[in-house]
Amino acid sequence: MKKKIFLLILVLVISRFFLGIYKNDEFGGNHLFIKHRPTWHWYFYSPAGLSDKSIENLSPEDQIEQQYWDEFVSGKVELE
């Protein structure tokens, strides 16, 4: 019994790292997707949406969310 509980918890933690949910900018609705790298962040949305706002015009919290969106959902990765 303890082994089954341990396996269940392990599967839930691993799925939390490699699965995510994003909210569609244009039509709304939530979609499940597989992340390209593990992260604890679970729910992704774009604070800028479909507007012409640049990332500099967003609050610091929204800038982080936009960076997550760009990396995991839209595929825009900025190399440093």
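The values are calculated or read from the model by the stated rules, or taken from the named source; none is laboratory data. Every value quoted in this text rests on a predicted model; they were computed, and no experiment measured them. In this analysis, Cβ positions are derived from the backbone assuming ideal geometry, glycine residues included, and neighbour counts consider all displayed protein chains. These area figures cover heavy atoms from the full protein model, side chains too; ligands, DNA and RNA do not enter into them. Shrake-Rupley method; radii C 1.70, N 1.55, O 1.52, S 1.80 Å.
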Requested in this report: Between ILE14 and ASP52, take the C-beta separation as r, use R0 = 41 Å, and let me know the FRET efficiency to the nearest 0.05.
Outcome: 0.60
Report summary line: When every protein chain stays in place and a 1.4 Å probe is rolled, PHE17, PHE27 sorted by accessible area with the largest first are PHE27, PHE17
Query - Cut-off under 5 Å, modelled amide H: who pairs with LYS35 long-range - result: LEU19, GLY20
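Expressed as a whole percent, how much of the Cα-Cα distance distribution for the chain exceeds 20 Å?
On the way: 1303 of 3160 pairs.
Beyond 20 Å sits 41 percent of the P(r) for the chain.
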Query raised in the report: Once you put a point 7 Å from the Cα of LEU7 and another 7 Å from the Cα of LEU32, both along the Cβ direction, what distance in nm separates them?
Result: 2.0 nm
Report summary line: Along region 48-55, Karplus-curve 3J(HN,Hα) (6.51, -1.76, 1.60; θ = phi - 60°) to the nearest Hz, with x for Gly and Pro, reads 6, x, 9, 6, 8, 5, 8, 5
Query raised in the report: Relative to the first principal axis of the alpha-carbon coordinates of the chain, what is the inclination of helix 2-18, with its axis defined by its Cα atoms, in degrees from 0 to 90 and to the nearest 10?
Result: 10 degrees
Report summary line: Rounded to the nearest 10 Å², the accessible area of LEU50 using a 1.4 Å probe with every protein chain kept is 120 Å²
**Report entry** Extreme residue, positive dipole direction of the chain, given options VAL11, SER59, PHE27 (C-beta unit charges)
**Finding:** VAL11
